[in-house]
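First comes the structure, then the notes that go with it.
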Amino acid sequence: MTQTITFFELVPWLVLTGSVIALLFAFVFYRQMKRQDEGTPTMRQIAQYVREGAMAYLKQQYKVVVIVFICLAVFFAILAYGFGVQNPWVPFAFLTGGFFSGLAGFIGMKTATFASGRTANACRKSLNGGLKIAFRSGSVMGLTVVGLGLLDIALWWLILNACITEATIAQKLVVITTTMLTFGMGASTQALFARVGGGIYTKAADVGADIVGKVESDLPEDDPRNPATIADNVGDNVGDVAGMGADLYESYCGSILSTMALGASAFYAFGPEMQLKAIFAPMLIAAVGVLLSVAGIFTVRTKEGAGMKELLKSMSFGTNVAAILSGIATFGILALVFGTDGPQWWQYSLSVVSGLVAGVIIGKSTEYYTSHSYKPTQKLAGAAQTGPATVIIGGVGLGMRSTAVPVVTIAAAIILSFLCATGFDTDVMAPGVLAQGLYGVAIAAVGMLSTLGITLATDAYGPIADNAGGNAQMSELDPKVRERTDVLDALGNTTAATGKGFAIGSAALTALALLASYIEEIKVALTRAGETITGVGDIVKDAADANILDVLSNYNVSIMNPTVLAGVFIGAMMAFLFCGLTMDAVGRAASKMVVEVRRQFKEIKGILTGEGTPDYKRCVEISTKAAQKEMLVPALLAILVPIAVGLLLGVAGVLGLLVGGLSAGFVLAVFMANSGGAWDNAKKFVEEGNLGGKGSSAHHATVVGDTVGDPFKDTSGPSLNILIKLMSMVSIVMAGLTVLF
């Protein structure tokens, strides 16, 4: 017993060590990138324009977000200190979650704005040089996210373990882990603002630039004569880098925290030693995943003249190496934690492997449907020969078909991870079976995200390559340079779509774990209030001694309860309402951009001949103001609706809301991400000289499709996985208030 406790006292410090290693390698890659040449004076100037615009936007966004966070923190403080229905640590945990989420996005975006010009300059010499800089710079984002996530988790564990006191150690561990879940709400709230605001910004500029520049004026992509070009390049950074970093930070932390909370409750009856083992297992898996991600990053390279398939193979090799090593390492970690004679250590390892395999399958499926190296996107490009309408129809159909594999994969992963954890015992009424099975599902999500350091690097790489192409075009470099950056950009579109599929897949598993965590938080709230519950078989129990089925029985959570059904419909509606609001926001902001670009073409003489200078700053201002205004309603709705449902429909209604939001949101997110990615790469396929090449009727049709797909893949779609988890997090934080009413 003494040796076990000593080992577990070291675990948080081991996790801290993992976070330091991640942040150290991120710093090393950042310094390596900064030492590279940024190119000609024109290239430097363009990069500076983008950098200044991105930083100006983030400054404005953070001003708005800080106000929202202060208001919410005060509200939580009133609930905690005024009414006693909230844990007093919640306001502080909420603020730190938001801070670290925002910091991860900021560091990633700062790196990207320095890296794009250097990537373009490296492409003047070789494709491999450009790939190396872009990918290593994307790795800064990946390693920063996992490093800050582990740092936040380890520090909060040390603080709460030292400060929280409960009647028993077992109860203390439950309270610590459910309290730590609340900093996930801060991370989710910041991530939603970053994703929605950044997505509106980037797509307003992108759509405006495409409609007036490409379609109406027949200008090439990133032409310096287009006034919206700089705003478009800025948007790639604030939406696809800063927003994505904040997004995946909360995904990463949410998966670990929900598993820790479930571990504390699932092993409650086994005593504090087993609880500690279940709590620390996901932390150690994540910490080892950091090391394996770094190893995978060093394997990514390519040869000169490589095509899309070779580049994809190079990226896939790095991520697959990390995933395989992580799966193998999991068996050793869980054997060490649980002991070779401990219960189910190898079965939980199989649960982790099922999550890893599911992530790989979803990634490959997304790659197949969105890369122009494969038939679905090539056929979509072929539809452009008959006009934009058939491109739109084909893209919608492709996106709908593409949902089948991810949904079946997630369904299989849920069932397999559950059954592996229970030793294939399907009797959920047996003591502990349901809770331990759900712990298996939760730890599968940790497995899926354990190599996020490299997975996110492949995603963050995309906007850097995209901006490198813009820099090359605006700097009027040799056409060969643009050809190389276009190859890297096309790869970036696929890796970005793969990353979005990966993120929403992990969100589905994490959200299911958060459902169970919500029930645990209800138990904590009832215990705090001194309430009893009427559990299975009408047996009255103290809330602290109840299991998940007892709580469900107490609140009559069944499919035939109209309150649950009402919640399911509201949750499903929320996914569509949220997408509708964000799509409309992009449309309104893009309309303003179109009007401004047309005005400049008309009023500023010599723009189209290259003799006049566009007012880039005005377009940046339009996107910034539109994003700040339009992001508030969708983001606040995601926070207010779970609170309202909890007050009006109670616990049963909230569980219905979360189930409906998860099921509809997951499918809708996959559909939108894959449709948007396919439309984008269909355009790239034509631009590479197929079907008439640039300027042809097929090219114009695919540009329209790409314009429609922009808010699909970069605003509404990727925001849905945050919506799913934020509603869960809000429900968990507000459980005390829901029980009170």
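Between the alpha-carbon centres of the stretch 510-537 and the stretch 247-324 there is a gap of 29 Å.
Over the stretch 682-741, the alpha carbon radius of gyration divided by the compact-protein estimate 2.2 N^0.38 Å works out to 2.05.
Label positions at Lys379 and Glu273, each projected 7 Å from the Cα along the C-beta direction, are separated by 5.9 nm. Close amide-amide hydrogen proximity is noted between Thr532 and no other residue 5 or more places distant or on a separate chain, at a cut-off under 5 Å (H modeled in the peptide plane; Pro and chain starts excluded). Its DSSP H runs of at least 4 residues, each contributing -39,500 (n - 2.57), put the calculated 222 nm mean residue ellipticity of the chain at -28000 deg cm²/dmol, to the nearest 500. Calculated from the structure, Kirkwood radius over Cα pairs in Å equals which of (1) 29.7; (2) 28.0; (3) 25.5? After the calculation, the listed value that fits is (3). Taking chymotrypsin sites (Phe, Trp or Tyr not before Pro) across the stretch 367-439, the ones in a DSSP loop with at most 15 further Cβ atoms lying within 10 angstrom of their Cβ are Phe424. With a Förster radius of 45 Å applied to the beta-carbon distance between Phe298 and Arg618, the computed FRET efficiency rounds to 0.55. Ordered by 1.4 Å accessible area with all protein chains kept, Met593, Met560 run largest first as Met560, Met593.
Phi angles of the stretch 728-741 translate, via the Karplus equation with coefficients 6.51, -1.76, 1.60 and θ = phi - 60°, into HN-Hα couplings of 5, 5, 4, 4, 5, 5, 8, 4, x, 5, 4, 5, 4, 8 Hz per residue; Gly and Pro are given as x. Using a cut-off of 26 Å between alpha-carbon atoms, which lysines can reach Lys313, once sequence neighbours fewer than 8 places away in the same chain are excluded? Once the sequence-local lysines are set aside, what remains near Lys313 is Lys125, Lys132, Lys303, Lys364, Lys375, Lys379, Lys480, Lys500, Lys683, Lys684, Lys713. Distance from the alpha carbon centroid of the stretch 202-243 to that of the stretch 596-623 works out to 13 angstrom. For the chain, the share of accessible area belonging to carbon and sulfur comes to 65 percent (1.4 Å probe, ligands and nucleic acids excluded).
Heavy-atom accessible area for Val66, with the other protein chains in place and a 1.4 Å probe, reaches approximately 80 Å². Label sites at Met560 and Val408, each approximated as a point 7 angstrom past Cα along Cα to Cβ, lie 3.3 nm apart. Segment Lys602..Gln60, full-extension length gain: 192.1 nm, with 0.36 nm per residue of separation and the alpha-carbon distance subtracted.
A crude spin-label estimate for the pair Val536 and Val28, with each label 7 Å from Cα along the Cβ direction, gives 5.1 nm.
Rolling a 1.4 Å probe over the heavy atoms of the protein chains gives the chain an accessible area of 33 Å² per residue. Under the combined filter of DSSP loop state and at most 14 neighbouring Cβ atoms within 10 Å, the stretch 48-85 retains these chymotrypsin sites (Phe, Trp or Tyr not before Pro): Phe83. The longest part of the chain holding none of the exposed loop trypsin sites (Lys or Arg not before Pro), meaning those outside H, G, I, E and B in DSSP with at most 14 other Cβ atoms within 10 Å, is 304-604. The alpha carbon centroids of the stretch 131-192 and the stretch 407-458 are separated by 20 Å.
Counted residue by residue at 0.36 nm each, then reduced by the alpha carbon distance between them, the extension gain from Ser591 to Gln45 reaches 193.7 nm.
The values are calculated or read from the model by the stated rules, or taken from the named source; none is laboratory data. On a predicted model such as this, the values are computed, not experimentally measured, just so you know. Note that each Cβ is placed from the backbone with ideal geometry, even for glycine, and that neighbours are counted across all protein chains shown. Heads up: the accessible areas ignore ligands, DNA and RNA and are worked out on the full protein's heavy atoms, side chains in. Shrake-Rupley method; radii C 1.70, N 1.55, O 1.52, S 1.80 Å.
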